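Working notes for the structure below.
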Amino acid sequence: MDFNITAEEEAVVFHLAALRGAGSSPTDDDVAEELGAEIRPLLQSLLEKGWLVVNEERELTLSVIARAAVASRRDAEGP
């Protein structure tokens, strides 16, 4: 896993975490429809770096380590 992600990639990770937390299971097409086609290279980069995982239904989710990083960051930010 590559822990070096850009600010744009970090924003995508937190956006996906929020979607998943709200009960959504977006695919790459869903995210591209919502945020624009220019998001696809960021999604691909996050997949290659190990931050995102795609299941059999093409749904995007955060990897175990990415979920821990998001939770750690939220804990540090406080309420």
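The values are calculated or read from the model by the stated rules, or taken from the named source; none is laboratory data. Computed from a predicted structure; not experimentally measured. All Cβ positions, even for glycine, are placed from backbone atoms using ideal geometry, and neighbour counts span all protein chains on display. For accessibility, only protein heavy atoms count, side chains too; no ligands or nucleic acids. Shrake-Rupley method; radii C 1.70, N 1.55, O 1.52, S 1.80 Å.
Scanning the stretch 1-22 for residues that are open to solvent by less than 70 Å² (accessible area, probe 1.4 Å) and touching a strand residue (DSSP E or B) at 6+ places or on another chain (Cβ under 8 Å), which turns out nearest to Arg58 (Cα to Cα)?
This residue is Leu16.
How about the stretch 49-71: which of its residues are modelled with pLDDT of 95 or more and acidic (Asp, Glu)?
Glu59
Select from the stretch 26-59 the residues that are open to solvent by 50 Å² or more (accessible area, probe 1.4 Å) and in a loop (DSSP other than H, G, I, E, B) and write down the one among them that is nearest to Arg73 (Cα to Cα).
That would be Asn55.
What are the residues in the stretch 12-25 that are more than 8 Å from the chain's Cα centre (by Cα) and in a helix (DSSP H, G or I), if any?
Hits for the stretch 12-25 are Ala18, Leu19, Arg20, Gly21.
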